[in-house]
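The values are calculated or read from the model by the stated rules, or taken from the named source; none is laboratory data. Since the model is a prediction, treat every value here as computed from it, not as a measurement. Note: ideal-geometry Cβ built from the backbone for every residue, glycine included; neighbour counts use all protein chains shown. Accessible surface is based on the protein model in full, side chains and every heavy atom, while ligands, DNA and RNA are left aside. Shrake-Rupley method; radii C 1.70, N 1.55, O 1.52, S 1.80 Å.
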Amino acid sequence: MSDRQPEISSSTRSWLESIINSSNDAIISKTLDSIITSWNPAAQAMFGYTADEMIGTSIRRLIPEDRAHEEDDILARISQGERVDYFETQRLTKNGTLIDISVSISPIHDDAGAVIGASKIARDITQRKLDRALLEESESRFRALADNISQFAWMADRKGWLFWYNQRWFDYTGTTLEEMQGWGWRAVHHPDHVDRVVERLQYSWDTGEPWEDTFPLRSKEGEYRWFLSRALPIRDEAGAVTMWVGTNTDITERIDHDRQVQLLMQEVNHRTKNMLSLVQAIARQTTGATHEEFNARFSERIQALSRNQDILVNNEWRGIGLNELCRHQLTPFEDEIGTRITFEGPDVMLTAASAQTLGIALHELATNASKYGALSNDTGSVAISWTIPGTELSPGGLTLQWQEAGGPDVTEPETMGFGTGVLEKMASMGLGGTVKADFEKTGLRWCLETKDGSIFEGGKRPSGLAGKGDQIPDSSRHCILLVEDEALVGIEMQISLEEAGYDVAGPAASVRQALNMIEKKKCDIAVLDINLGRENSVPVAEKLQEKGIPFIVVSGYSEGQQPEIFSGYPSLSKPVPMSRLLRLIETGLEIFTPQDGASG
């Protein structure tokens, strides 16, 4: 301290020295010409010099050459009686290392109030500066990421008050944080959607549930674009929500694409219905007025196919809910649904192919019930129920039952017509399960059981054989492997081939079924449909080539659209003229040489 200190008691002096010596901060005093007059232990720890080495020497030995002006500025201010508060700088230690320090400097006055020196308190802030640099680097990286991702990003407090947006948001909306913070974002929402968005978002704020919604946002040019928006809660260790983070992803192009696909599907549906109408008209004109019952039943079945087509298009061919399928196929009896006709079971999603097969089966059951069964009078009833064993993630097969009651007495049909064939062979083949019909006197009970989840949207195709149509024949007659996933078409081809004197392995509705049959039975020739739902028959063709078994291609594709492996093999377009197919089979069994160099 200065030699010209006011008189204080020895006990007070001892107390002050104790405070200075125990401080973690370096406390140094100096004269106005920079000569050090005191040096506490913390100063020695910080700079490496002892008090004996520093007292009486200039403070400038601690100052780097490029910072010598700082001492001049400090002394000038101190001489005027000013304080220097929290000044950050760098100083040299005894070993020449630069350290970052924060200093506060106060003038020392004599009894007359004149400035006679300075007292400096220094704190090592090297680690703090390092931490600050790391934080700034982290923030810089975060902003580089947040401002350059393709999505908008934002943050809100636990109550939903938005306090941060990335630059993408401001670039698109042309707004500022002051305009958008809190609930200001509502200003760029479409007025037709904003109330719905606020309601659903507030529900998530209140419950802590993740939020997802789709809505349009206005750009700075006034254009509205569609965004998929999501937000997730950030929770502390106790599980309480501390804040929310959210994103908005521009999906305008995807929505436009989906709309174009939907329009295309509707156009295809329209043309398909026109084709069905044409088929219906040809059938009526061909049979004439003398076949009124046939015309009526044929028209009903065409309408059933048309109803299936409608709901498949509405669902973009991604499947149909079982409850929806039942309601659509029982549309002619919609006034009875909920009273005489009841549904009971989980509303699972069926694949498009399974829905088409089951839809036709339901149509046939309903038609028979209206003509001969429980729906042919005013008192009968039909109960449709289904269960799915297993779990949601690993469903088992479907068990569906059609139970009639209260109708006329039931007798078992003596012959198998189209409807009976649909209900037995087509349903078992197309759905990969077993069908049982009990013609009880009190009412028909028809039950379908599938062995796995392959009929459900997202399920796997059957890995083994399923249904009577998949049984492997064993006789001395020529055997034809039939690969066709459309149940009704497969059954029709199977019947025609058997009537022509051939044994039929199949129809196989999947690649694995077909490969299984090839291994279990020596087939002389194969008839292959190319498209098998979500797969194609290329692996089957490869196995047939490997074994030297000839095959004939039947497909809705033109030859130019077919995979290369089918090139050079006989090909028929659907619908298949059976007379031509039988001639090709006969020729192939006599001598078969693939054209254009195809092997096998």
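Cβ separations smaller than 7 Å between residues 6+ apart or across chains give no pair from the stretch 180-191 residues that are within 9 Å of LEU217 (Cβ to Cβ) to residues that are loosely packed, with under 13 Cβ neighbours inside 10 Å. Out of the residues in the stretch 328-362 that are in a loop (DSSP other than H, G, I, E, B) and of a type in the set (D, E, K, R), which is least open to solvent (accessible area, probe 1.4 Å)? Per the stated criteria, the residue is ARG340. Residue-level check: of (1) surrounded by fewer than 16 Cβ atoms within 10 Å (Cβ to Cβ); (2) in contact (Cβ under 8 Å) with a residue 24 or more places away in the chain; (3) over 16 Å from ILE116 (Cα atoms), ARG83 misses just (3). Applying the condition of being of a type in the set (Ser, Thr, Tyr) and open to solvent by 30 Å² or more (accessible area, probe 1.4 Å) to the stretch 225-258 and asking which residue is farthest from TRP169 (Cα to Cα) yields THR242. Across the stretch 46-57, a minimum of one residue is classified as farther than 26 Å from ARG132 by Cβ, buried (at least 18 other Cβ atoms within 10 Å of the Cβ) and in contact with a Lys or Arg (Cβ under 9 Å, 6 or more places away or on another chain).
Give the residues of the stretch 510-551 that are farther than 25 Å from LEU431 by Cβ, open to solvent by 30 Å² or more (accessible area, probe 1.4 Å) and assigned to a loop (DSSP other than H, G, I, E, B), sorted by residue number. Before the answer, list the steps.
As a first pass, look at the stretch 510-551 and keep what is farther than 25 Å from LEU431 by Cβ: 522, 524-525, 541-551.
When the remaining residues are screened for being open to solvent by 30 Å² or more (accessible area, probe 1.4 Å), the result is 522, 524, 542-543, 545-548.
Listed by number, the residues that qualify are LYS522, ASP524, GLY548.
Pairing residues of the stretch 329-358 that are at negative phi and of a type in the set (D, E, K, R) with residues that are in a helix (DSSP H, G or I) and modelled with pLDDT of 80 or more, at Cβ distances under 7 Å and at least 6 apart in sequence or on separate chains, gives ASP347/LEU322; ASP347/ASN323.
Select from the stretch 70-96 the residues that are in a helix (DSSP H, G or I) and within 19 Å of LYS129 (Cβ to Cβ) and list them in ascending order.
Once the filter is applied, which keeps residues that are in a helix (DSSP H, G or I) and within 19 Å of LYS129 (Cβ to Cβ), the stretch 70-96 yields only GLU70.
Among the residues of the stretch 73-103, the ones that are small (Gly, Ala, Ser) and closer than 21 Å to GLY48 by Cα come to 2 in all.
Residues of the stretch 36-58 that are part of a helix (DSSP H, G or I) and either touching a His at 6+ places or on another chain (Cβ under 6 Å) or in contact (Cβ under 8 Å) with a residue 60 or more places away in the chain (or both): ALA43, MET46. Looking only at the stretch 365-384, filter to residues that are touching a residue at least 60 places away in the same chain (Cβ under 8 Å) and in a helix (DSSP H, G or I); which one of those is surrounded by the most Cβ atoms within 10 Å (Cβ to Cβ)? This residue is LEU365.
Kindly indicate which of SER219, SER204 is open to solvent by less than 40 Å² (accessible area, probe 1.4 Å), hydroxyl-bearing (Ser, Thr, Tyr) and over 18 Å from THR249 (Cα atoms).
Working: SER219 fails: over 18 Å from THR249 (Cα atoms).
Of the residues listed, the single one that is open to solvent by less than 40 Å² (accessible area, probe 1.4 Å), hydroxyl-bearing (Ser, Thr, Tyr) and over 18 Å from THR249 (Cα atoms) is SER204.
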